[in-house]
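A short write-up of the structure that comes next.
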Amino acid sequence: MAAIKKLQSYNNLIGIHTTHKGNRTYDNQYAVMQWDSYNEETNTITFAAPYLNHIAKQILRKNLTTDKAGKLKTTKSGRPMTEASHSYMLSTLLASERNKRAVEILTYVDRLIETAGTVGVAHAKVSTIIRECPELEYALENCSSKDRNTILKRAFGKAWALMRDSKYSDLCERYKDLKIPDMVPTVRDLNKTLEFPHRGKA
């Protein structure tokens, strides 16, 4: 019964998912867990997890693939096609990294490299990377023009450092001669393309 009481205590926990639209910030709140029942005969419990369900939906929606017209791509069986939603190349230590914008960049670049496979060269414009990193995009949109280069330097510079550090990323070990850009982009470089070539998986 102690375990049941412990689970029931989570009813008061709220999970917050922060989103940004334009100049507004929204702190959306969801119950972490909603206790439903305990069946003593079968020794089973029933509960719902609205916050976890919401996060799972966001991840799934983020990774749905579309064509150039924005239409959802599907398999021959009619199931939606998705990109990888997670990676084993990145360490869980990144969760405690203070520079969240750098982590966003690394996470996107990791997906870019793994999606390109062993033949293609992963590449993306600086502006595309920023658009795929909500925290970074929001910071750039809501700062003074003189601070933008500083924000970019801290985010991209740290991202490249994390990418090279085997404590946080296995990319350099798993992809032979993986080239990480030396350039830390500025606002003048938004249309420049960053490439991450390598010689296949080790």
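Within segment 153-165, does at least one residue satisfy the condition of being open to solvent by 20 Å² or more (accessible area, probe 1.4 Å) and touching a Leu at 6+ places or on another chain (Cβ under 6 Å)? I'd like the intermediate steps shown before the answer.
Quick first cut of segment 153-165, residues open to solvent by 20 Å² or more (accessible area, probe 1.4 Å) only: 153-154, 157-158, 161, 164-165.
Within this subset, residues satisfying the condition of being touching a Leu at 6+ places or on another chain (Cβ under 6 Å) are none.
Checked against the condition, which is being open to solvent by 20 Å² or more (accessible area, probe 1.4 Å) and touching a Leu at 6+ places or on another chain (Cβ under 6 Å), segment 153-165 yields no hits at all.
Would you tally the residues in segment 132-145 being in a loop (DSSP other than H, G, I, E, B) and of a type in the set (D, E, K, R)?
Start the filter on segment 132-145 by keeping residues that are in a loop (DSSP other than H, G, I, E, B), which leaves 132-133, 142-144.
Add one more test, that the residue is of a type in the set (D, E, K, R), and what stays is 132.
Total satisfying the criteria: 1.
Here is a yes/no grid of residues against (1) open to solvent by 90 Å² or more (accessible area, probe 1.4 Å); (2) touching a residue at least 60 places away in the same chain (Cβ under 8 Å); (3) under 20 Å from the mean Cα position of the chain (by Cα); (4) farther than 30 Å from Glu132 by Cβ:
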site: Met1; (1), (2), (3), (4): yes, no, no, yes
site: Lys6; (1), (2), (3), (4): yes, no, no, yes
site: Asn12; (1), (2), (3), (4): yes, no, no, yes
site: His20; (1), (2), (3), (4): no, yes, yes, no
site: Met33; (1), (2), (3), (4): no, no, no, yes
site: Glu40; (1), (2), (3), (4): yes, no, no, yes
site: Ala48; (1), (2), (3), (4): no, no, no, yes
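Looking at (1) in contact (Cβ under 8 Å) with a residue 12 or more places away in the chain; (2) open to solvent by less than 70 Å² (accessible area, probe 1.4 Å); (3) not in a loop (DSSP other than H, G, I, E, B), which one does Arg148 not meet, given that it meets all the others?
The number of the failed condition is (2).
Regarding segment 95-116, can at least one residue be identified that is among the β-branched types (Val, Ile, Thr), out of contact with any Leu (no Cβ under 7 Å at 6 or more places or on another chain), open to solvent by less than 60 Å² (accessible area, probe 1.4 Å) and over 19 Å from Leu171 (Cα atoms)?
no
For segment 117-131, what are the residues that are of a type in the set (Val, Ile, Thr) and in a loop (DSSP other than H, G, I, E, B)?
Of all residues in segment 117-131, those of a type in the set (Val, Ile, Thr) come to 118-119, 121, 126, 128-130.
Of everything in segment 117-131, those that are of a type in the set (Val, Ile, Thr) and in a loop (DSSP other than H, G, I, E, B) turn out to be Thr118, Val119, Val121.
The values are calculated or read from the model by the stated rules, or taken from the named source; none is laboratory data. This one's a predicted model, so the numbers in the text were calculated from it and none came from an experiment. Because the Cβ atoms are built from the backbone with ideal geometry, glycine has one as well, and the counts that use them run over all protein chains shown. Only protein heavy atoms, including side chains, enter the accessible area calculation; ligands, DNA and RNA are left aside. Shrake-Rupley method; radii C 1.70, N 1.55, O 1.52, S 1.80 Å.
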